[in-house]
Amino acid sequence: MTTDGPVEAFYDDKDGVVRFPGGELWPGDKYTGGLEGDLHEVAAISLSSICRAATEADDAGAFRLASVGDGGGVSLWLAPGGQLDNPRIKHRVHLRALKDKLAIEVQVPVPFEDRTPEDVATLDALIALARRRGFDVDLVEDPYQSPYELFTKLVATVPADPSRTLGEACDLERDLLGLLEALDGGPESPRSIRNLIESSRGEILVGLRETEQFDAKSEITALARDADKAEFLKDVTAMANVPGGGVLVYGLTTSAASGADEVVSAPGCDLTTFDALRWQHVITDRTVPSLVGVELITDELRPGWGFLALYVPPSVAELGGGWYLVRSKGEAVRAYRRASAQTIPVSAGVIHARLQRGDGSRRTLLPPGGG
């Protein structure tokens, strides 16, 4: 999520609403669709001001600021009376704005006691993801999932810091739910694959087949030679030209024995030559338009060895409109796209026609029948 900086919200006790620059939060309002949708309107509100405003509203009996996560992302709910339960979803994830902190509560379907090794691994992954985002984590008893057995509730909290935003918390809320679902049934989206790497669960990717939005790589390159940079940018821009973006993961071994490239092992790879600043510079400097916003996430299994995920968020892919090009010496440009699980070049004729048009319109990389 990218903003121009946190904005302040305050509770207006006269009208019973929370106001912020550009909008108002009324009891019963609901913001849905994740930060790519309606939630972007409130994402920039500072944690300190939203916690203060929500506490004042709750004390006045107006409403509580909370949310319920589901498979579609996050719904920010201004809940009258603080009613937060939603029985329609399998895993419930609640975000609550408290007086001096913001809390995210994850109802995890594993026993509070007598956990299996798989249960422990699930909790470890959720904890790792929350801590990497700067949240403190506690595990407490959750008596509400079953009247016969105590399950586990993970509570991730962060102080009401004026420099942090509500959008950061909504991001984590959505990602914790997505990670939990990926651990249950396998990753289903580029973002869930990204989150598995961030939470140190790269081995879950074994058995996953490459797709238009997922590319598995065995090792990284030092990007020392122009040829290395060109090969690297071919893969990155092809993924950025996919509607909805995608993810490349380094440190995975694949096999095409089954007819499609499938991840057969997750040994990790040598990360000693990886330099995040250099990679970002190569990406932004050698692409047209400049490809900004790519995320680089590492997970070291041991010092200098592990996984690297290169994630292109949907918003970044949308900005390029399917037309991120690779610039080489002499101002020559090349374009690439994903075809099923393969990266292929776009014909020079299509590129030339697009550059000659020069109208800045957002069109797909390959028009029907083109390329």
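The values are calculated or read from the model by the stated rules, or taken from the named source; none is laboratory data. Values in this document were obtained by computation on a predicted structure and should not be read as measured data. FYI the Cβ positions are ideal-geometry reconstructions off the backbone, even for glycines, and counts take in every protein chain you see.
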Determine, yes or no, whether Asp124 is charged (D, E, K, R), at pLDDT below 85 and in the same structural domain as Leu166 (by TED's automatic domain parsing).
no
Given the condition outside the structural domain of Asp299 (by TED's automatic domain parsing) and without any contact (Cβ under 8 Å) to a residue 24 or more places away in the chain, answer yes or no: does some residue in the range 212-230 qualify?
no
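I'd like the full set of residues that are of a type in the set (A, V, I, L, M) and within 19 Å of Leu296 (Cβ to Cβ), limited to the range 231-268.
Looking only at the range 231-268, we keep the residues that are of a type in the set (A, V, I, L, M), and these are 233, 236, 238-240, 242, 247-249, 252, 256-257, 260, 263-264, 266.
The answer is Leu233, Val236, Ala238, Met239, Ala240, Val242, Val247, Leu248, Val249, Leu252, Ala266.
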Give me the residue from the range 301-315 that is outside any strand (DSSP E or B) and out of contact with any Ser or Thr (no Cβ under 6 Å at 6 or more places or on another chain) and, out of that set, farthest from Ser192 (Cα to Cα).
Pro303
Tally, over the range 254-300, of residues that are closer than 20 Å to Arg191 by Cα, part of a strand (DSSP E or B) and either of a type in the set (Val, Ile, Thr) or out of contact with any Ser or Thr (no Cβ under 8 Å at 6 or more places or on another chain) (or both):
6
Qualifying positions in the range 160-185 - over 17 Å from Leu129 (Cα atoms) and free of Cβ contacts under 8 Å to residues at least 24 places away in the same chain
Gly185
Can you tell me which residue among Leu180, Leu205 is more than 21 Å from Val264 (Cβ to Cβ), of a type outside the set (Gly, Ala, Ser) and either buried (at least 21 other Cβ atoms within 10 Å of the Cβ) or touching a strand residue (DSSP E or B) at 6+ places or on another chain (Cβ under 7 Å) (or both)?
Leu180
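Listed here are the residues, each with its yes/no results for (1) touching a Leu at 6+ places or on another chain (Cβ under 8 Å); (2) under 22 Å from Gly306 (Cβ atoms); (3) in contact (Cβ under 8 Å) with a residue 12 or more places away in the chain.
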| position | (1), (2), (3) |
| --- | --- |
| Lys234 | no, no, yes |
| Ala240 | yes, no, yes |
| Tyr250 | yes, yes, yes |
| Gly268 | yes, yes, yes |
| Ala276 | yes, yes, yes |
Within the range 183-202, take every residue that is modelled with pLDDT of 90 or more and of a type in the set (A, V, I, L, M) and give me the one that is surrounded by the most Cβ atoms within 10 Å (Cβ to Cβ).
Leu196
Pairing a residue in the range 308-324 that is β-branched (Val, Ile, Thr) with any residue that is part of a helix (DSSP H, G or I) and at pLDDT 90 or above, where Cβ atoms lie under 8 Å and the two sit 6 or more apart in sequence or on different chains, gives Val312/Pro190; Val312/Val236; Val312/Met239; Val312/Ala240; Val316/Ala240
Within the range 333-343, residues surrounded by 13 or more Cβ atoms within 10 Å (Cβ to Cβ), assigned to a strand (DSSP E or B) and either of a type in the set (Asp, Glu) or under 29 Å from the mean Cα position of the chain (by Cα) (or both) come out as Arg334, Ala335, Tyr336, Arg337, Arg338, Thr343
Which condition number in (1) at pLDDT 50 or above; (2) over 19 Å from Val155 (Cβ atoms); (3) under 24 Å from the mean Cα position of the chain (by Cα) is the one that Gly61 fails?
(3)
Return yes or no: is Gly251 surrounded by 21 or more Cβ atoms within 10 Å (Cβ to Cβ), under 16 Å from the mean Cα position of the chain (by Cα) and in the same structural domain as Val326 (by TED's automatic domain parsing)?
no
In this structure, is Ser189 of a type in the set (S, T, N, Q), on the phi < 0 side of the Ramachandran plot and free of Cβ contacts under 8 Å to residues at least 60 places away in the same chain?
yes
Test Leu84 against the criterion of being of a type in the set (A, V, I, L, M) and either at pLDDT 55 or above or surrounded by 21 or more Cβ atoms within 10 Å (Cβ to Cβ) (or both), and give yes or no.
no
Restricting attention to the range 146-171, which residues are surrounded by fewer than 23 Cβ atoms within 10 Å (Cβ to Cβ), of a type outside the set (Ser, Thr, Tyr), within 29 Å of Gly5 (Cβ to Cβ) and touching a strand residue (DSSP E or B) at 6+ places or on another chain (Cβ under 6 Å)?
Val155, Val158, Pro159, Ala160, Pro162
